[in-house]
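Below is one structure, written out as structure tokens; the observations come after it.
What follows is calculated from the coordinates using simple rules that are stated; it is not laboratory data. Treat the numbers as computed from the prediction; the structure is a model and nothing was measured. Glycine gets a Cβ as well: all are built from the backbone with ideal geometry, and neighbour counts include every protein chain shown.
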Amino acid sequence: MDTQIIKIDTNLPFFEGFYGSDIVNFIDSEIEMFNEENDKEINFSKIYEEIAKIYVENFKQNLPSWVKSVKFNEIVSPRFYNFTNDIIYITVEYDVNGVLNFMENEKDSIQDTIKQYFTPYSGFSPSYSNDVYNFLNSMGDDPNDWDNIEMMVMLESSQEIQDNFDISSVDLELVQNEKLTEIILENL
């Protein structure tokens with residue numbers, strides 16, 4: 001059977017945004033300390049973009065075999081953080097047969113992920129089913145029709161990613177090796 005590779009743009013799994021995160025607290029304290037002696041304009045969007053690229057590079061080290069490549073696209077920050085947070089967009093190239101095999105063999109993991117995202121509650125009526133069979137059936141037979149949310153669910157359901165990709169560990173590493181301070185200073 002020929003290998004069919006498809007590209008899709010999706011969100012970086014497990015990234016919940018910068019607003020309210022520990023890394024932003026560290027950025028703020030670093031900038032405050034630096035600005036006590038210097039009064040410079042701060043390019044927060046560039047700082048967030050550089051950190052997002054590091055997250056994506058770390059994510060790329062923990063991919064399931066059916067993912068062939070991942071590329072950083074952009075980070076989108078809302079004008080106001082009332083209803084949403086930052087989103088990192090990536091482009092994923094994946095092997096269709098690998099994803100189909102994953103979907104067939106990892107229903108429990110997929111079920112856990114979709115329950116987390118698509119269980120209705122007061123004020124939230126999801127567009128996707130939180131039942132794995134209905135969710136997978138709704139994806140349809142043509143992988144070209146799969147959307148970014150469905151692909152994010154597949155990525156987040158992958159055990160390789162669950163076991164090895166942890167944004168808080170990446171944050172800690174950025175702080176400990178002073179890479180974050182370097183990024184901040186480059187963007188003042």
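Do any of 115/179; 71/179; 7/179 go past 29 Å between their Cα atoms, and which?
With Cα atoms farther than 29 Å apart: 115/179; 7/179.
Where does each of 63, 188 land when they are ranked from fewest to most other beta-carbon atoms within 10 angstrom?
Starting with the residue having the fewest Cβ neighbours, the order is 188, 63.
Label-point separation (nm) for residue 83 and residue 37, each offset 7 Å from Cα along Cα-to-Cβ?
4.5 nm
From the phi angles alone, apply the Karplus equation (6.51, -1.76, 1.60; θ = phi - 60°) to region 121-127 and give each ³J(HN,Hα) in whole Hz, x where the residue is Gly or Pro.
Going residue by residue, I get 8, 3, x, 9, 10, x, 7 Hz, with x marking Gly and Pro.
In nm, to one decimal, how far is the residue 108 label point from the residue 93 one, both placed 7 Å along Cα→Cβ?
3.4 nm
Kindly provide the chymotrypsin sites (Phe, Trp or Tyr not before Pro) of region 49-136 that DSSP labels as loop, not H, G, I, E or B, and whose Cβ sees at most 16 other Cβ atoms within 10 Å. Could you put the intermediate results ahead of the total?
Working: sites: 55, 59, 66, 72, 80, 81, 83, 89, 94, 102, 117, 118, 121, 124, 128, 133, 135; in loops: 66, 80, 81, 83, 128.
Those satisfying the criteria are 80, 81, 83, 128.
Per DSSP H run of n ≥ 4, the term is -39500 (n - 2.57); total these for the chain, divide by its residue number, and report the mean residue ellipticity at 222 nm rounded to 500 deg cm²/dmol.
-15000 deg cm²/dmol
Can you divide the C-alpha Rg of region 56-188 by 2.2 N^0.38 Å and report the result to two decimal places?
Dividing the Cα Rg of region 56-188 by 2.2 N^0.38 Å gives 1.21.
Using the Cα centre of the chain as the reference point, and only Cβ charges (+1 on K/R, -1 on D/E), how large is the resulting charge dipole? Debye, rounded to the nearest 20.
Details: 11 positive and 37 negative charges, 86 e Å.
For this selection, approximately 420 debye.
What are the principal axis extents of the Cα atoms in region 1-66, in Å, biggest first?
Principal-axis extents of region 1-66 (Cα, largest first): 64, 20, 18 Å.
Working out 0.36 nm times the residue gap between residue 122 and residue 29, then minus their Cα-Cα distance, what length gain in nm do you get to one decimal?
That works out to 29.8 nm of additional length.
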